[in-house]
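In what follows, a structure is listed as structure tokens, so that the remarks can point back to it.
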Amino acid sequence: MSTPSDSANNRKPAMAVRIVGIGASAGGLPALEQFFIHVPAKSGLAYVVVQHLDPTATALLAELLQRVTGMSVREAAAQMRVEPDCVYVIPPNTELSVARSTLQLDKPSEPRGLRLPVNVLFSSLARDQGSSAIGVVLSGMGSDGTLGLQAIKAAGGLTVVQEPSSAQFDSMPKSAIAADCGDIVAMPSDMPSRILAFAAQAPSATVPGHAQLGGRTGERADSIPPDSPAETLNRIFTLLQQRTRHDFSLYKTSTLNRRIERRMAIHGKPTMADYAHFLGQNPHEIDLLFKELLIGVTSFFRDPAVWQYLHDTALPAILARRGPQTHFRAWVAGCSTGEEAYTLAMVFVEVVQRLPEHRECTLQIFASDLSPDAVATARTGRYPAAISAQLSPESLARFFTRQADGLCIGKRIRDMVLFARHDVVLDPPFTSLDILCCRNLLIYFDAALQRRLLPLFHYSLRPGGVLMLGSSETVGTFSRLFEPIESKLRLYLRLNPVAASGPAFLVKSFPPLSKLTKEPAVSPSASQAQRVATTETLQSAADHVLLQVHAPPAVVVNSAGDVVYISGRTGKYLEPAAGKANLNFHAMVRDSLREPIAAALKQALVLDVPQRLRGLQVHPGEEPANSKHPMVEVTVQPLHEPAALKGMVMIVFRDVAPKPARRRHAAGGADTAHSVEIQQCREEIQSLGEEARASKEELQSANEELQSTNEELQSANEELTTSKEEMQSMNEELQTVNAEMQTKLDDLALAQSDLKNLLNSTDIAMLFLDQNLNVRRYTERAAKIINLRDSDIGRPLSDLTTSLAYSALQDDAHQTLRTLVFSEKQILDRDGRWFSVRIMPYRRLDNVIDGAVITFVDITATKQLESSLRQAADP
């Protein structure tokens, strides 16, 4: 649900090491290298790298990254303790996660092609590190990492995404950006400095030196002179309210403070006063802060035990209590991107199909949220393929259809839910509900707002309706309004008005919540004064109860017809319109009452006199099944006093018992011609009905055939989609292997170049032969002794000509390969130069003989010196 996303569970103490999780896939190696080239050797952070790897190949990633960073790069091992200034790389065919700053390795739970290891790592970081978690998504295909970044962002951590234009494969970065998961979108080379700046500004879940409510505001010499923390926070609330219409002053201040501090750290603002000034000059940042405060934390079948109990026990009990009623209503408040609303719809469908006596029952779900982006996402009903981990195979096959970009909610489930942007604090609630689901929303409101919302929820529910709260929420002191059905699961039954009566209920629930002010802390003496004041106003409270319980239902509207106040239970006459929440009286009033009341309202405003409408009939289709043509009398009264109501109109509804219809005496004689005409019409109607039935049967038969064909096509499409996902995953793995092998080839080419330069620099003629005495390599000096050129690579030694008087060269080479004993001879060439020819076996690193090496050393000077010495020695 879209709320400030932090909770007490995410608060982490200062940790020994802060972990940066990095996810990449195809094209990720260049991005990783650019990233780590710019990471200081002593950054104080640890880095865990997950890349899509071929599960059958030996990984070279650790070796390749070690070349570009001064930090220690290690392949992750089970139970390895994470240390600062180290890089940990995922091994092939594993899932890597973090728990208590220790690496955990598991076998992949999904088959090859459906694995999402980046999501696994990021989700574990969100659980383990909370608001200290940092997640980075680099180049890759698919959408792996998006759900993990959502978890990190929901926990208050930092999310970083590669600029798509710089990625070789931009699917993963684009998916994260489309899900609004990128706090920082940058080039890989710029990411380290941004991350380190954030870590320095917000070193832990609670940032020392930043403004805390009730504490002191951190200052520095060049910062803006701060107001008091409360005043600064109120300035931020005012900016938000002016821009978004929503008042955050009734939310828990600790939660809001953490989210604001996170934005401060991202922008490098040292104090809250600096950030408030920055907000005032940047309306776009107000929008980003608003989204930050409304990050949705939701999933399909979240807390499975709750939905299982609703499926097995609670929902069948609701159906049984309603008897012949077949139409049910539910409201999911704070629905975020719709997962919880769709979950309720799926559970209802399963229950009514399991119970034959309730097959005709339908459920209309109103799902509302404050975030327009979340509501827009929910309306599409499209979700990434990664949600399959939250659903059973049966639910996936039954309620979803596979598409190229993920999964889509089936039409039947989608049609059960109406989404609307709605502020539970400001806007009137949906009424006449059988189920009200408000899970994990109240925990973000302060106690004052909770005390006012729970009676409002009671008002919205029908007698016997069910209230669903989150695991950390209760009804508190409102046990007179709700009775636990299953206290551990936070399911509550609405008590009837008699059990819920009491002066505080109605007095404190109205006027509308938008007029509430934040309650200050109350001292013991103030509490005593409040009790005295309550006693003195007991008569006023009793009057309010009498008005609400025994007075007729009424609404107050302004001149435009907008409802500004509701008294009593008006559900029989008014109903919220489908679609976007609309508080206009003309949109909410029943169809059968709309025109006469609209005319009376216009007359009352023009003439300024009360208008009374008698004998109006509420359409039977809009009433419960046991009502028969209810009559209502409506009074439209212009208001002049008090001054606050001047110019408004009160519309009062009074039920009237239907009068028995008078019997009309039959006419003396029936008109024969009229009777014949009626009979002909009946026959024509009967004939048309038969034709319609025949056409309906034909259409039904054709529809069944089309449905069968559609199911076959859908099955084939699902198989093709699965095959495509597997091929895409294998392609990503091959891309990764290809990048590693390309790096190795580059290294090999460099080594070959080094070897060639080394051999040429020795100025020694060398000839390398394979086992068949074919030319493998030679130096430039050798080409001057043996006639060699580049095209001679691979030619036999016997085909080559030489200036040496050495006809036994090939025989000696064969002898060396056979005996492994090197040969050395002094040979004269045609130019009178002497060469020392040495033939040695070519021995590889694995100690295998793989040819021969022939070296030619010019010893002409030595021979001449030897000859001179010999002549001098002779007498």
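The values are calculated or read from the model by the stated rules, or taken from the named source; none is laboratory data. Here the structure is a predicted model, which is why all the values come from computation and not from measurement. Ideal geometry is used to build each Cβ from the backbone, glycine not excepted, and the neighbour counts take in all protein chains shown. Side chains are part of the model used for accessible areas, which takes the heavy atoms of the whole protein and leaves out ligands, DNA and RNA. Shrake-Rupley method; radii C 1.70, N 1.55, O 1.52, S 1.80 Å.
Miscellaneous remarks
- Flag for Ala404 being farther than 30 Å from Glu712 by Cβ and either of a type outside the set (A, V, I, L, M) or touching a residue at least 12 places away in the same chain (Cβ under 8 Å) (or both): no
- Among the residues making up the range 271-309, a single one is over 22 Å from Thr337 (Cβ atoms), charged (D, E, K, R) and under 26 Å from the mean Cα position of the chain (by Cα): Glu285.
- Scanning the range 375-390 for residues that are assigned to a helix (DSSP H, G or I) and either within 21 Å of Asp303 (Cα to Cα) or among the β-branched types (Val, Ile, Thr) (or both) gives Val375, Thr377, Ala378, Thr380, Ala385, Ala386, Ile387, Ser388, Ala389, Gln390.
- Against the conditions (1) touching a Lys or Arg at 6+ places or on another chain (Cβ under 9 Å); (2) at pLDDT below 90, Arg115 satisfies every one except (1).
- The criterion of at least 2 residues that are of a type in the set (Lys, Arg) and under 20 Å from Leu755 (Cβ atoms) is met by the following strands (runs of 3 or more DSSP E) wholly inside the range 770-875: 775-778, 834-843.
- Among the residues of the range 316-332, those that are over 19 Å from Pro304 (Cα atoms) and touching a strand residue (DSSP E or B) at 6+ places or on another chain (Cβ under 6 Å) comprise Ile318, Arg321, His327, Phe328, Arg329, Ala330, Trp331.
- Of the residues making up the range 754-792, just one is closer than 20 Å to Arg843 by Cα, without any contact (Cβ under 8 Å) to a residue 24 or more places away in the chain and open to solvent by less than 20 Å² (accessible area, probe 1.4 Å), namely Thr779.
- Among residues of the range 167-176 being buried (at least 19 other Cβ atoms within 10 Å of the Cβ) and part of a helix (DSSP H, G or I), the one that is farthest from the chain's Cα centre (by Cα) is Ser171.
- Test: residue in the range 55-66 that is under 28 Å from the mean Cα position of the chain (by Cα) and either at pLDDT below 85 or in a strand (DSSP E or B) (or both): yes
- Candidates Ala345, Ala317, Ala341 - the one that is surrounded by fewer than 16 Cβ atoms within 10 Å (Cβ to Cβ), of a type in the set (Gly, Ala, Ser) and assigned to a helix (DSSP H, G or I): Ala317
- Among the residues of the range 177-197, some residue qualifies, meaning at least one is β-branched (Val, Ile, Thr), at pLDDT 80 or above and outside any helix (DSSP H, G or I).
- Residue in the range 321-334 that is out of contact with any helix residue (DSSP H, G or I) (no Cβ under 9 Å at 6 or more places or on another chain), on the phi > 0 side of the Ramachandran plot and either surrounded by fewer than 23 Cβ atoms within 10 Å (Cβ to Cβ) or part of a helix (DSSP H, G or I) (or both) present: yes
- One residue from Val120, Val50, Val160 being among the β-branched types (Val, Ile, Thr), under 22 Å from Ala178 (Cβ atoms) and open to solvent by 10 Å² or more (accessible area, probe 1.4 Å): Val120
- Cross-chain or 6+ apart pairs with Cβ under 7 Å, the range 858-875 first and under 29 Å from Ala765 (Cβ atoms), then of a type outside the set (A, V, I, L, M, F, W, C): Asp858/Arg833; Ile859/Gln826; Ile859/Ser836; Thr860/Arg833
- Selection count where residues are more than 15 Å from the chain's Cα centre (by Cα) and within 18 Å of Ile184 (Cα to Cα), scope the range 137-158: 3
- Whenever a residue of the range 796-824 is without any contact (Cβ under 8 Å) to a residue 24 or more places away in the chain, its partners that are surrounded by 13 or more Cβ atoms within 10 Å (Cβ to Cβ) and part of a helix (DSSP H, G or I), lying with C-beta atoms within less than 7 angstrom and at least six residues away or across chains, give the pairs Phe822/Thr816; Ser823/Asp812; Ser823/Gln815; Ser823/Thr816.
- Scanning the range 83-123 for residues that are over 15 Å from Ala389 (Cβ atoms), of a type in the set (S, T, N, Q) and assigned to a strand (DSSP E or B) returns Thr102, Gln104.
- For the range 562-599, the tally of residues that are touching a strand residue (DSSP E or B) at 6+ places or on another chain (Cβ under 6 Å), assigned to a loop (DSSP other than H, G, I, E, B), open to solvent by 30 Å² or more (accessible area, probe 1.4 Å) and closer than 17 Å to Ser460 by Cα stands at 3.
- Top-ranked residue in the range 600-633 [being open to solvent by 40 Å² or more (accessible area, probe 1.4 Å), of a type in the set (D, E, K, R) and in a strand (DSSP E or B); ranked as modelled with the lowest pLDDT]: Arg614
- Flag if Leu804 is modelled with pLDDT under 85 and surrounded by 15 or more Cβ atoms within 10 Å (Cβ to Cβ): no
- Test: residue in the range 22-44 that is open to solvent by less than 10 Å² (accessible area, probe 1.4 Å), assigned to a strand (DSSP E or B), closer than 20 Å to Arg100 by Cβ and in contact (Cβ under 8 Å) with a residue 12 or more places away in the chain: no
Conditions (1) of a type outside the set (A, V, I, L, M); (2) farther than 30 Å from Val347 by Cα; (3) not in a helix (DSSP H, G or I), marked per residue:
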{"site": "Leu239", "(1), (2), (3)": "no, yes, no"}
{"site": "His246", "(1), (2), (3)": "yes, yes, yes"}
{"site": "Leu256", "(1), (2), (3)": "no, yes, no"}
{"site": "Leu288", "(1), (2), (3)": "no, yes, no"}
{"site": "Phe301", "(1), (2), (3)": "yes, no, yes"}
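- Within the range 391-447, tally of residues that are closer than 17 Å to Val332 by Cβ, assigned to a helix (DSSP H, G or I) and modelled with pLDDT under 85: 3
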